[in-house]
2 protein chains.
Amino acid sequence: MRIHTDLTPSDDYEDVVILIDVLRNSTVASLLLERGLTRLALTPSLRSARAAGKEGWLLLGERAGLPPEGFNYGNSPTELSTIDVSGQQAVMVSENAPRWMSRLASAKQVLLGSLFNATSAAKAAGELATTRVDLVCAGFEAEPDLDDALAAGILGGLLFEALPDAELSGATRFCLALERAFPDPLEALWQSVAGHHLRRLGFEADLAFAAQVSHSDVVPVRTGTVEGAGSAPLYLFSAHPA
Amino acid sequence: MRIHTDLTPSDDYEDVVILIDVLRNSTVASLLLERGLTRLALTPSLRSARAAGKEGWLLLGERAGLPPEGFNYGNSPTELSTIDVSGQQAVMVSENAPRWMSRLASAKQVLLGSLFNATSAAKAAGELATTRVDLVCAGFEAEPDLDDALAAGILGGLLFEALPDAELSGATRFCLALERAFPDPLEALWQSVAGHHLRRLGFEADLAFAAQVSHSDVVPVRTGTVEGAGSAPLYLFSAHPA
(Lines give C-alpha, C1' and ligand atoms only; values in the text may rest on other atoms or scores of the structure.)
Protein backbone atom coordinates (compact mmCIF):
# COMPACT_ATOMS: atom_id res chain seq x y z
CA MET A 1 0.00 0.00 0.00
CA ARG A 2 1.21 3.48 -0.84
CA ILE A 3 0.07 6.83 0.53
CA HIS A 4 0.79 9.53 -2.01
CA THR A 5 0.11 13.28 -1.84
CA ASP A 6 -0.28 15.77 -4.67
CA LEU A 7 -0.07 19.39 -3.52
CA THR A 8 -1.91 20.29 -6.71
CA PRO A 9 -3.79 17.74 -8.81
CA SER A 10 -1.97 15.71 -11.46
CA ASP A 11 -3.83 13.14 -13.56
CA ASP A 12 -2.58 9.61 -13.03
CA TYR A 13 -4.91 8.14 -10.47
CA GLU A 14 -5.92 4.53 -10.27
CA ASP A 15 -7.28 3.48 -6.90
CA VAL A 16 -8.71 5.74 -4.16
CA VAL A 17 -8.44 9.53 -4.29
CA ILE A 18 -9.36 11.90 -1.47
CA LEU A 19 -9.88 15.33 -3.05
CA ILE A 20 -9.12 17.97 -0.41
CA ASP A 21 -10.49 21.50 -0.60
CA VAL A 22 -10.73 22.71 2.98
CA LEU A 23 -11.74 26.28 2.06
CA ARG A 24 -14.45 25.48 1.22
CA ASN A 25 -15.82 22.78 -1.13
CA SER A 26 -14.93 19.59 0.73
CA THR A 27 -15.99 21.05 4.07
CA VAL A 28 -19.34 22.23 2.72
CA ALA A 29 -19.98 18.93 0.93
CA SER A 30 -19.76 16.96 4.21
CA LEU A 31 -21.85 19.53 6.01
CA LEU A 32 -24.69 19.48 3.45
CA LEU A 33 -24.88 15.68 3.18
CA GLU A 34 -24.84 15.47 6.97
CA ARG A 35 -27.73 17.90 7.09
CA GLY A 36 -29.86 15.63 4.92
CA LEU A 37 -29.06 16.69 1.37
CA THR A 38 -29.64 13.54 -0.71
CA ARG A 39 -27.27 14.34 -3.53
CA LEU A 40 -24.66 16.96 -4.33
CA ALA A 41 -23.43 17.75 -7.83
CA LEU A 42 -20.13 19.60 -8.27
CA THR A 43 -19.36 21.45 -11.46
CA PRO A 44 -17.09 24.29 -12.58
CA SER A 45 -19.72 25.34 -15.20
CA LEU A 46 -22.27 28.02 -14.36
CA ARG A 47 -24.39 26.99 -17.33
CA SER A 48 -24.47 23.32 -16.29
CA ALA A 49 -25.46 24.44 -12.80
CA ARG A 50 -28.20 26.80 -13.98
CA ALA A 51 -29.71 24.08 -16.16
CA ALA A 52 -29.90 21.80 -13.11
CA GLY A 53 -31.41 24.72 -11.19
CA LYS A 54 -34.31 24.76 -13.66
CA GLU A 55 -34.98 21.14 -12.75
CA GLY A 56 -35.34 22.02 -9.10
CA TRP A 57 -31.80 21.58 -7.77
CA LEU A 58 -30.69 24.14 -5.19
CA LEU A 59 -27.99 26.40 -6.64
CA LEU A 60 -24.94 26.93 -4.46
CA GLY A 61 -21.48 28.17 -5.10
CA GLU A 62 -19.11 30.96 -5.86
CA ARG A 63 -17.15 32.89 -8.40
CA ALA A 64 -14.19 34.61 -6.73
CA GLY A 65 -15.70 33.72 -3.34
CA LEU A 66 -19.20 35.15 -3.88
CA PRO A 67 -22.51 33.60 -5.05
CA PRO A 68 -23.21 34.05 -8.79
CA GLU A 69 -26.37 35.89 -9.82
CA GLY A 70 -29.57 33.92 -9.34
CA PHE A 71 -27.97 31.41 -6.97
CA ASN A 72 -29.74 30.41 -3.75
CA TYR A 73 -26.61 30.52 -1.60
CA GLY A 74 -22.84 30.89 -1.76
CA ASN A 75 -20.59 28.17 -0.41
CA SER A 76 -20.04 29.54 3.05
CA PRO A 77 -20.35 26.68 5.57
CA THR A 78 -21.33 29.17 8.28
CA GLU A 79 -24.27 30.31 6.18
CA LEU A 80 -25.18 26.84 4.90
CA SER A 81 -25.24 25.39 8.42
CA THR A 82 -28.38 27.47 9.12
CA ILE A 83 -30.56 26.44 6.18
CA ASP A 84 -32.74 23.37 5.76
CA VAL A 85 -31.53 21.19 2.90
CA SER A 86 -33.12 17.97 4.08
CA GLY A 87 -34.41 15.77 1.23
CA GLN A 88 -33.15 18.16 -1.43
CA GLN A 89 -30.55 17.98 -4.20
CA ALA A 90 -28.03 20.75 -4.76
CA VAL A 91 -25.52 21.68 -7.40
CA MET A 92 -22.44 23.56 -6.26
CA VAL A 93 -20.31 25.64 -8.60
CA SER A 94 -16.76 26.66 -7.88
CA GLU A 95 -13.58 27.23 -9.81
CA ASN A 96 -11.50 25.29 -7.34
CA ALA A 97 -12.24 21.62 -6.54
CA PRO A 98 -14.81 21.02 -9.33
CA ARG A 99 -12.42 22.07 -12.08
CA TRP A 100 -10.10 19.25 -11.07
CA MET A 101 -12.75 16.53 -11.18
CA SER A 102 -12.05 15.74 -14.85
CA ARG A 103 -8.50 14.73 -13.89
CA LEU A 104 -9.79 12.13 -11.45
CA ALA A 105 -11.68 10.12 -14.07
CA SER A 106 -9.29 7.16 -13.85
CA ALA A 107 -9.64 6.78 -10.08
CA LYS A 108 -11.79 3.89 -8.87
CA GLN A 109 -13.19 5.91 -5.96
CA VAL A 110 -13.18 9.63 -5.30
CA LEU A 111 -13.91 10.87 -1.78
CA LEU A 112 -14.05 14.47 -0.58
CA GLY A 113 -11.89 15.06 2.47
CA SER A 114 -11.28 17.98 4.79
CA LEU A 115 -10.33 18.66 8.38
CA PHE A 116 -14.07 18.56 9.12
CA ASN A 117 -14.46 14.85 8.21
CA ALA A 118 -10.82 13.76 8.60
CA THR A 119 -11.25 10.64 10.73
CA SER A 120 -14.13 9.25 8.65
CA ALA A 121 -12.56 10.11 5.30
CA ALA A 122 -9.29 8.39 6.27
CA LYS A 123 -11.18 5.34 7.56
CA ALA A 124 -13.26 5.05 4.37
CA ALA A 125 -10.21 5.45 2.13
CA GLY A 126 -8.26 2.83 4.09
CA GLU A 127 -11.13 0.36 3.71
CA LEU A 128 -11.73 1.02 0.01
CA ALA A 129 -8.11 1.09 -1.18
CA THR A 130 -6.35 -1.97 -2.54
CA THR A 131 -3.02 -0.52 -3.71
CA ARG A 132 -2.86 3.17 -3.05
CA VAL A 133 -4.49 6.27 -1.59
CA ASP A 134 -3.85 9.59 -3.31
CA LEU A 135 -4.38 12.66 -1.15
CA VAL A 136 -5.04 15.30 -3.79
CA CYS A 137 -4.99 18.92 -2.67
CA ALA A 138 -7.08 21.32 -4.76
CA GLY A 139 -4.79 24.21 -3.76
CA PHE A 140 -5.57 27.80 -4.69
CA GLU A 141 -5.40 29.04 -8.26
CA ALA A 142 -3.38 25.98 -9.29
CA GLU A 143 -0.78 26.59 -6.56
CA PRO A 144 -0.22 24.55 -3.39
CA ASP A 145 -1.84 26.08 -0.32
CA LEU A 146 -1.46 25.60 3.39
CA ASP A 147 -5.05 24.72 4.33
CA ASP A 148 -5.20 21.71 2.02
CA ALA A 149 -1.63 20.65 2.76
CA LEU A 150 -2.35 20.58 6.51
CA ALA A 151 -5.48 18.50 5.90
CA ALA A 152 -3.43 16.14 3.71
CA GLY A 153 -1.01 15.79 6.63
CA ILE A 154 -3.77 15.01 9.10
CA LEU A 155 -5.48 12.58 6.71
CA GLY A 156 -2.11 11.02 5.89
CA GLY A 157 -1.32 10.59 9.57
CA LEU A 158 -4.65 8.89 10.24
CA LEU A 159 -4.20 6.61 7.23
CA PHE A 160 -0.68 5.70 8.32
CA GLU A 161 -1.97 4.74 11.78
CA ALA A 162 -4.43 2.37 10.12
CA LEU A 163 -1.90 1.13 7.53
CA PRO A 164 1.47 1.20 9.33
CA ASP A 165 3.22 -0.75 6.55
CA ALA A 166 2.22 1.76 3.87
CA GLU A 167 4.96 3.45 1.87
CA LEU A 168 4.86 7.25 2.24
CA SER A 169 5.80 9.61 -0.59
CA GLY A 170 8.02 12.66 -0.02
CA ALA A 171 5.13 15.11 -0.16
CA THR A 172 3.17 12.94 2.28
CA ARG A 173 6.05 13.12 4.71
CA PHE A 174 6.19 16.86 4.78
CA CYS A 175 2.45 17.27 5.02
CA LEU A 176 2.71 15.03 8.10
CA ALA A 177 5.26 17.50 9.47
CA LEU A 178 2.78 20.37 9.07
CA GLU A 179 0.63 18.83 11.77
CA ARG A 180 3.46 19.46 14.21
CA ALA A 181 3.95 23.00 12.91
CA PHE A 182 0.29 23.84 13.48
CA PRO A 183 -1.07 22.39 16.72
CA ASP A 184 -3.97 24.80 16.12
CA PRO A 185 -5.28 24.11 12.58
CA LEU A 186 -6.98 27.51 12.48
CA GLU A 187 -3.57 29.14 12.36
CA ALA A 188 -2.73 27.29 9.13
CA LEU A 189 -6.05 28.30 7.58
CA TRP A 190 -5.45 31.89 8.69
CA GLN A 191 -2.02 31.91 7.00
CA SER A 192 -3.16 30.20 3.79
CA VAL A 193 -3.65 32.14 0.56
CA ALA A 194 -7.27 30.91 0.39
CA GLY A 195 -7.74 32.09 3.98
CA HIS A 196 -6.39 35.54 3.18
CA HIS A 197 -8.75 35.75 0.25
CA LEU A 198 -11.80 34.75 2.33
CA ARG A 199 -10.85 37.09 5.18
CA ARG A 200 -10.71 40.00 2.74
CA LEU A 201 -14.26 39.09 1.63
CA GLY A 202 -15.49 39.01 5.25
CA PHE A 203 -15.68 35.21 5.65
CA GLU A 204 -13.47 34.92 8.77
CA ALA A 205 -16.10 32.70 10.45
CA ASP A 206 -15.73 30.13 7.66
CA LEU A 207 -12.09 29.64 8.62
CA ALA A 208 -13.06 28.74 12.18
CA PHE A 209 -15.79 26.45 10.85
CA ALA A 210 -13.43 24.65 8.47
CA ALA A 211 -10.76 24.31 11.19
CA GLN A 212 -12.93 21.94 13.23
CA VAL A 213 -11.25 18.53 13.02
CA SER A 214 -13.38 15.38 12.61
CA HIS A 215 -16.70 17.01 13.51
CA SER A 216 -18.56 15.16 10.78
CA ASP A 217 -18.81 11.43 10.04
CA VAL A 218 -20.02 12.03 6.52
CA VAL A 219 -17.72 11.20 3.60
CA PRO A 220 -18.95 12.39 0.21
CA VAL A 221 -18.21 9.75 -2.44
CA ARG A 222 -18.46 10.15 -6.20
CA THR A 223 -21.40 8.12 -7.50
CA GLY A 224 -21.48 9.19 -11.13
CA THR A 225 -21.04 11.86 -13.75
CA VAL A 226 -23.82 13.27 -15.89
CA GLU A 227 -23.55 15.37 -19.02
CA GLY A 228 -24.02 19.07 -18.30
CA ALA A 229 -25.77 21.71 -20.38
CA GLY A 230 -22.59 23.83 -20.27
CA SER A 231 -18.89 23.28 -20.74
CA ALA A 232 -18.52 20.70 -17.97
CA PRO A 233 -20.47 17.76 -16.56
CA LEU A 234 -22.06 17.43 -13.14
CA TYR A 235 -20.06 15.22 -10.80
CA LEU A 236 -22.46 13.49 -8.42
CA PHE A 237 -21.69 12.81 -4.77
CA SER A 238 -23.61 11.07 -2.01
CA ALA A 239 -22.75 10.16 1.56
CA HIS A 240 -20.52 7.08 1.79
CA PRO A 241 -22.28 4.40 3.84
CA ALA A 242 -21.19 4.74 7.45
CA MET B 1 8.56 41.58 -5.06
CA ARG B 2 7.30 38.04 -4.93
CA ILE B 3 8.79 34.99 -3.22
CA HIS B 4 7.62 31.88 -4.97
CA THR B 5 8.40 28.22 -4.24
CA ASP B 6 8.21 25.22 -6.55
CA LEU B 7 8.36 21.90 -4.72
CA THR B 8 9.45 20.36 -8.00
CA PRO B 9 10.76 22.43 -10.92
CA SER B 10 8.35 23.94 -13.43
CA ASP B 11 9.62 26.01 -16.36
CA ASP B 12 8.44 29.62 -16.26
CA TYR B 13 11.25 31.50 -14.60
CA GLU B 14 12.20 35.06 -15.33
CA ASP B 15 14.24 36.71 -12.61
CA VAL B 16 16.29 34.99 -9.87
CA VAL B 17 16.10 31.26 -9.22
CA ILE B 18 17.67 29.46 -6.27
CA LEU B 19 17.92 25.79 -7.23
CA ILE B 20 17.83 23.72 -4.04
CA ASP B 21 19.22 20.20 -3.86
CA VAL B 22 20.28 19.69 -0.26
CA LEU B 23 21.15 16.01 -0.68
CA ARG B 24 23.59 16.60 -2.25
CA ASN B 25 24.32 18.76 -5.32
CA SER B 26 23.79 22.26 -3.95
CA THR B 27 25.60 21.46 -0.71
CA VAL B 28 28.60 19.98 -2.53
CA ALA B 29 28.75 22.87 -5.02
CA SER B 30 29.21 25.43 -2.21
CA LEU B 31 31.73 23.22 -0.47
CA LEU B 32 33.90 22.73 -3.56
CA LEU B 33 33.94 26.40 -4.57
CA GLU B 34 34.73 27.33 -0.98
CA ARG B 35 37.65 24.92 -1.06
CA GLY B 36 39.16 26.69 -4.05
CA LEU B 37 37.62 24.99 -7.05
CA THR B 38 37.62 27.67 -9.77
CA ARG B 39 34.72 26.38 -11.80
CA LEU B 40 32.08 23.69 -11.46
CA ALA B 41 30.11 22.27 -14.37
CA LEU B 42 26.86 20.41 -13.70
CA THR B 43 25.43 18.01 -16.22
CA PRO B 44 23.05 15.06 -16.26
CA SER B 45 25.03 13.48 -19.13
CA LEU B 46 27.79 10.95 -18.39
CA ARG B 47 29.16 11.36 -21.90
CA SER B 48 29.37 15.15 -21.62
CA ALA B 49 31.15 14.72 -18.29
CA ARG B 50 33.63 12.13 -19.58
CA ALA B 51 34.54 14.34 -22.53
CA ALA B 52 35.33 17.17 -20.09
CA GLY B 53 37.32 14.66 -18.03
CA LYS B 54 39.59 14.08 -21.04
CA GLU B 55 40.36 17.80 -21.00
CA GLY B 56 41.54 17.64 -17.42
CA TRP B 57 38.39 18.38 -15.44
CA LEU B 58 37.93 16.39 -12.26
CA LEU B 59 35.07 13.93 -12.61
CA LEU B 60 32.59 13.88 -9.73
CA GLY B 61 29.09 12.61 -9.33
CA GLU B 62 26.71 9.76 -9.01
CA ARG B 63 24.29 7.40 -10.64
CA ALA B 64 21.80 6.10 -8.04
CA GLY B 65 24.01 7.60 -5.33
CA LEU B 66 27.34 6.01 -6.34
CA PRO B 67 30.27 7.27 -8.49
CA PRO B 68 30.13 6.11 -12.12
CA GLU B 69 33.03 4.04 -13.46
CA GLY B 70 36.20 6.00 -14.08
CA PHE B 71 35.11 8.96 -11.97
CA ASN B 72 37.52 10.53 -9.47
CA TYR B 73 34.96 10.87 -6.69
CA GLY B 74 31.25 10.56 -5.94
CA ASN B 75 29.27 13.53 -4.68
CA SER B 76 29.55 12.86 -0.97
CA PRO B 77 30.34 16.14 0.81
CA THR B 78 31.96 14.21 3.65
CA GLU B 79 34.39 12.64 1.22
CA LEU B 80 34.90 15.78 -0.87
CA SER B 81 35.70 17.87 2.19
CA THR B 82 38.95 15.91 2.57
CA ILE B 83 40.40 16.34 -0.95
CA ASP B 84 42.36 19.21 -2.39
CA VAL B 85 40.49 20.83 -5.29
CA SER B 86 42.21 24.19 -5.14
CA GLY B 87 42.75 25.78 -8.56
CA GLN B 88 41.01 22.93 -10.37
CA GLN B 89 37.87 22.63 -12.47
CA ALA B 90 35.36 19.84 -11.91
CA VAL B 91 32.35 18.46 -13.68
CA MET B 92 29.65 16.89 -11.54
CA VAL B 93 27.11 14.42 -12.91
CA SER B 94 23.84 13.63 -11.22
CA GLU B 95 20.32 12.73 -12.25
CA ASN B 96 18.79 15.17 -9.80
CA ALA B 97 19.59 18.91 -9.90
CA PRO B 98 21.47 18.91 -13.24
CA ARG B 99 18.55 17.39 -15.15
CA TRP B 100 16.44 20.40 -14.22
CA MET B 101 18.93 23.00 -15.42
CA SER B 102 17.42 23.08 -18.92
CA ARG B 103 14.15 24.32 -17.41
CA LEU B 104 15.88 27.31 -15.86
CA ALA B 105 17.09 28.74 -19.18
CA SER B 106 14.72 31.72 -19.00
CA ALA B 107 15.90 32.82 -15.54
CA LYS B 108 18.19 35.85 -15.43
CA GLN B 109 20.24 34.41 -12.58
CA VAL B 110 20.50 30.89 -11.23
CA LEU B 111 22.02 30.35 -7.78
CA LEU B 112 22.51 27.04 -5.99
CA GLY B 113 21.10 27.08 -2.48
CA SER B 114 21.11 24.69 0.44
CA LEU B 115 21.00 24.71 4.21
CA PHE B 116 24.80 24.90 4.07
CA ASN B 117 24.88 28.36 2.41
CA ALA B 118 21.39 29.56 3.38
CA THR B 119 22.21 33.04 4.72
CA SER B 120 24.51 33.95 1.84
CA ALA B 121 22.25 32.49 -0.86
CA ALA B 122 19.24 34.43 0.47
CA LYS B 123 21.30 37.61 0.69
CA ALA B 124 22.60 37.26 -2.87
CA ALA B 125 19.13 36.49 -4.25
CA GLY B 126 17.60 39.47 -2.46
CA GLU B 127 20.25 41.76 -3.92
CA LEU B 128 20.03 40.39 -7.47
CA ALA B 129 16.24 40.15 -7.78
CA THR B 130 14.15 42.93 -9.27
CA THR B 131 10.67 41.33 -9.37
CA ARG B 132 10.76 37.83 -8.02
CA VAL B 133 12.76 35.06 -6.38
CA ASP B 134 11.83 31.48 -7.24
CA LEU B 135 12.92 28.87 -4.70
CA VAL B 136 13.04 25.76 -6.87
CA CYS B 137 13.33 22.42 -5.09
CA ALA B 138 14.95 19.64 -7.09
CA GLY B 139 13.02 17.04 -5.09
CA PHE B 140 13.67 13.32 -5.45
CA GLU B 141 12.74 11.41 -8.60
CA ALA B 142 10.45 14.26 -9.71
CA GLU B 143 8.55 14.24 -6.40
CA PRO B 144 8.66 16.85 -3.64
CA ASP B 145 10.96 15.90 -0.77
CA LEU B 146 11.40 17.10 2.77
CA ASP B 147 15.09 18.08 2.69
CA ASP B 148 14.66 20.60 -0.12
CA ALA B 149 11.30 21.85 1.19
CA LEU B 150 12.83 22.62 4.59
CA ALA B 151 15.70 24.49 2.92
CA ALA B 152 13.15 26.42 0.82
CA GLY B 153 11.45 27.37 4.07
CA ILE B 154 14.67 28.55 5.69
CA LEU B 155 15.74 30.45 2.55
CA GLY B 156 12.22 31.90 2.21
CA GLY B 157 12.26 33.04 5.82
CA LEU B 158 15.62 34.76 5.40
CA LEU B 159 14.46 36.44 2.18
CA PHE B 160 11.24 37.59 3.84
CA GLU B 161 13.25 39.16 6.68
CA ALA B 162 15.21 41.14 4.09
CA LEU B 163 12.14 41.90 1.93
CA PRO B 164 9.27 42.23 4.42
CA ASP B 165 6.88 43.64 1.77
CA ALA B 166 7.31 40.64 -0.52
CA GLU B 167 4.25 38.65 -1.49
CA LEU B 168 4.53 34.99 -0.45
CA SER B 169 3.04 32.16 -2.47
CA GLY B 170 1.09 29.33 -0.84
CA ALA B 171 3.93 26.84 -1.16
CA THR B 172 6.34 29.40 0.31
CA ARG B 173 4.07 29.74 3.33
CA PHE B 174 4.04 26.09 4.13
CA CYS B 175 7.76 25.66 3.60
CA LEU B 176 8.13 28.45 6.18
CA ALA B 177 6.02 26.33 8.52
CA LEU B 178 8.41 23.41 8.13
CA GLU B 179 11.07 25.38 9.95
CA ARG B 180 8.88 25.29 13.03
CA ALA B 181 8.19 21.58 12.57
CA PHE B 182 11.90 20.79 12.45
CA PRO B 183 13.91 22.81 14.97
CA ASP B 184 16.68 20.29 14.21
CA PRO B 185 17.15 20.26 10.41
CA LEU B 186 18.88 16.89 10.57
CA GLU B 187 15.56 15.32 11.53
CA ALA B 188 13.98 16.53 8.28
CA LEU B 189 16.90 15.18 6.26
CA TRP B 190 16.66 11.91 8.13
CA GLN B 191 12.95 11.60 7.29
CA SER B 192 13.27 12.65 3.64
CA VAL B 193 13.08 10.12 0.83
CA ALA B 194 16.53 11.22 -0.39
CA GLY B 195 17.82 10.75 3.16
CA HIS B 196 16.42 7.22 3.36
CA HIS B 197 18.08 6.42 0.07
CA LEU B 198 21.49 7.75 1.19
CA ARG B 199 21.27 6.01 4.55
CA ARG B 200 20.67 2.70 2.81
CA LEU B 201 23.85 3.32 0.79
CA GLY B 202 25.86 4.06 3.96
CA PHE B 203 26.05 7.86 3.58
CA GLU B 204 24.57 8.79 7.00
CA ALA B 205 27.44 11.22 7.59
CA ASP B 206 26.39 13.22 4.51
CA LEU B 207 23.05 13.97 6.15
CA ALA B 208 24.76 15.52 9.16
CA PHE B 209 27.06 17.46 6.85
CA ALA B 210 24.19 18.83 4.75
CA ALA B 211 22.17 19.71 7.88
CA GLN B 212 24.69 22.40 8.90
CA VAL B 213 22.91 25.73 8.42
CA SER B 214 24.81 28.70 6.94
CA HIS B 215 28.29 27.22 7.38
CA SER B 216 29.46 28.48 4.00
CA ASP B 217 29.44 31.99 2.53
CA VAL B 218 29.84 30.70 -1.01
CA VAL B 219 26.94 30.99 -3.43
CA PRO B 220 27.40 29.14 -6.72
CA VAL B 221 26.03 31.25 -9.60
CA ARG B 222 25.44 30.12 -13.17
CA THR B 223 27.95 31.82 -15.45
CA GLY B 224 27.23 30.08 -18.74
CA THR B 225 26.31 26.95 -20.62
CA VAL B 226 28.56 25.09 -23.02
CA GLU B 227 27.65 22.44 -25.53
CA GLY B 228 28.36 18.94 -24.24
CA ALA B 229 29.68 15.92 -26.13
CA GLY B 230 26.66 13.93 -24.92
CA SER B 231 22.94 14.43 -24.63
CA ALA B 232 23.12 17.51 -22.41
CA PRO B 233 25.27 20.62 -22.05
CA LEU B 234 27.57 21.57 -19.21
CA TYR B 235 26.10 24.25 -16.94
CA LEU B 236 28.92 26.35 -15.53
CA PHE B 237 28.97 27.73 -12.01
CA SER B 238 31.42 29.95 -10.13
CA ALA B 239 31.35 31.54 -6.71
CA HIS B 240 29.17 34.65 -6.58
CA PRO B 241 31.28 37.65 -5.53
CA ALA B 242 31.02 37.99 -1.76
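The values are calculated or read from the model by the stated rules, or taken from the named source; none is laboratory data. What you are looking at is a predicted structure, and each value in this text was computed from that prediction instead of being measured. Positions of Cβ are backbone-derived with ideal geometry, glycine not excepted, and every protein chain shown enters the neighbour counts. Just the protein is used for accessible areas: all its heavy atoms, side chains included, with ligands, DNA and RNA removed. Shrake-Rupley method; radii C 1.70, N 1.55, O 1.52, S 1.80 Å.
Taking springs between alpha-carbon atoms closer than 10 angstrom, which of A:A210, A:A121, A:A107 fluctuates most in the Gaussian network model of chain A? Among A:A210, A:A121, A:A107, the largest GNM mean-square fluctuation belongs to A:A107. Can you tell me the orientation of helix A:146-162 relative to chain A, as the angle in degrees between its alpha-carbon axis and the longest Cα principal axis, to the nearest 10? With rounding to tens, the tilt is 50 degrees. With a ≥ b ≥ c taken as the square roots of the eigenvalues of the C-alpha gyration tensor of the stretch B:34-157, please select rounded if a/c is under 1.5 and otherwise prolate if a/b is larger than b/c or oblate if it is not? Prolate shape, in that a/c is at least 1.5 and a/b is the bigger ratio.
Across B:A194, B:A149, B:A162, mean-square fluctuation computed from a Gaussian network of chain B (C-alpha pairs under 10 Å connected) peaks at B:A162.
How well do other chains shield peptide B:215-222, expressed as the mean number of their Cβ atoms within 10 Å of each residue Cβ? Let's see the in-between values first.
Values: counts 0, 0, 0, 0, 0, 0, 0, 0.
Mean shielding by partner chains, rounded to a whole number: 0.
Protection proxy ranking of A:212-223, A:79-90, by the mean of other Cβ atoms within 10 Å over each peptide's residues and highest first, is A:212-223, A:79-90. Between the Cα long axis of helix A:170-181 and the first principal axis of chain A there is an angle of about 80°, rounded to the nearest 10.
Let me know the shape class of the protein assembly as shown, please: from the alpha-carbon gyration tensor, a ≥ b ≥ c as square roots of the eigenvalues, rounded when a/c is under 1.5, otherwise prolate if a/b is greater than b/c, or oblate. It comes out prolate by the Cα gyration axes. Rolled with a 1.4 Å probe across the full set of protein chains, the surface gives B:E55 an accessible area near 150 Å². Projecting the Cα atoms of A:S238, A:M101, A:A122 onto the charge dipole of the protein assembly as shown, computed from C-beta unit charges around the Cα centre, puts A:M101 farthest toward the positive end. Taking every DSSP bridge with both residues inside the protein assembly as shown, close to 30 percent are antiparallel.
In this assembly of identical copies, the label point of B:L186 (Cα plus 7 Å along Cα-to-Cβ) is separated from its counterparts by 3.8 nm, sorted shortest first. Using a/c under 1.5 as the rounded threshold, could you call the stretch B:94-242 rounded, prolate or oblate? The axes a ≥ b ≥ c are square roots of the C-alpha gyration tensor eigenvalues, and prolate needs a/b larger than b/c, oblate otherwise. Oblate shape, in that a/c is at least 1.5 and b/c is the bigger or equal ratio.
Of all aspartates and glutamates in the structure, the ones whose alpha carbon falls short of 20 Å from that of B:K54, not counting any fewer than 8 places away in one chain, are B:E62, B:E69, B:D84, B:E227.
Here the protein assembly as shown is assigned +1 on the Cβ of each Lys and Arg and -1 on the Cβ of each Asp and Glu. Its dipole about the Cα centre then comes out at about 660 debye. With all protein chains in place and ligands, DNA and RNA left out, the 1.4 Å accessible area ranks B:M1, A:M101 as B:M1, A:M101, largest first.
Per residue of B:165-173, other chain Cβ atoms within 10 Å of the residue Cβ number 6 on average. Rounded to the nearest 500, the helix-only mean residue ellipticity at 222 nm of the protein assembly as shown stands at -10500 deg cm²/dmol, with each DSSP H run of n ≥ 4 adding -39,500 (n - 2.57).
Within chain A, what percent of beta bridges assigned by DSSP are antiparallel, to the nearest 5? Approximately 30 percent, going by the DSSP bridge assignments. Here's the list of lysines a cross-link from B:K108 could span, going by alpha-carbon distance under 24 Å and ignoring same-chain residues fewer than 8 apart: B:K123.
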